[in-house]
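One structure is given here, and the rest of the page talks about it.
The values are calculated or read from the model by the stated rules, or taken from the named source; none is laboratory data. Everything numeric here is computed off the predicted structure, so don't read it as measured data. Every residue, glycine as well, gets a Cβ built from its backbone with ideal geometry; the counts of neighbours run over all protein chains shown.
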Amino acid sequence: MAKEKEGREINPLEHVLVPVHRLVPEEEEEKILKKLGATKQELPLIRRSDPVIRYMERAMGIEIGEGRLIEIVRESPTAGRIVVYRVVKE
């Protein structure tokens, strides 16, 4: 867990190089997978130990369980707005 000197927790999502991460509500998952033409088993993974996932759990006060879908939005001056998805893995 990253901490500042005063003991405050650092939010990794505030770093300029970290893209926006969002926990996809379970009721939206099937719609997104259908749009992608993919199953969760075909998507890339993100570990539950990832600093962003750990921070999201603490900030939201919930446990993000294995198999949940995370939306990641990357902004690029050349490629524009890119939305990708990751499946949480222990």
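For region 49-66, which positions are among the charged types (D, E, K, R), touching a residue at least 24 places away in the same chain (Cβ under 8 Å) and buried (at least 16 other Cβ atoms within 10 Å of the Cβ)?
Correct list: 54 only.
May I ask you to verify whether residue 38 is over 11 Å from the mean Cα position of the chain (by Cα) and either over 17 Å from residue 27 (Cα atoms) or of a type outside the set (A, V, I, L, M, F, W, C) (or both)?
In short, no.
Quickly run through region 42-53 and pick out the residues that are assigned to a helix (DSSP H, G or I) and closer than 14 Å to residue 68 by Cβ.
Result: 52, 53.
Take the conditions out of contact with any strand residue (DSSP E or B) (no Cβ under 6 Å at 6 or more places or on another chain), surrounded by fewer than 12 Cβ atoms within 10 Å (Cβ to Cβ), assigned to a loop (DSSP other than H, G, I, E, B) and acidic (Asp, Glu) and apply them to residue 27. Does it pass?
Considered against the rule, which asks whether it is out of contact with any strand residue (DSSP E or B) (no Cβ under 6 Å at 6 or more places or on another chain), surrounded by fewer than 12 Cβ atoms within 10 Å (Cβ to Cβ), assigned to a loop (DSSP other than H, G, I, E, B) and acidic (Asp, Glu), residue 27 comes out as no.
With respect to residue 38, is the statement that it is outside any strand (DSSP E or B), surrounded by 10 or more Cβ atoms within 10 Å (Cβ to Cβ), modelled with pLDDT under 95 and of a type in the set (Gly, Ala, Ser) true?
When the stated conditions are applied, residue 38 does not pass them.
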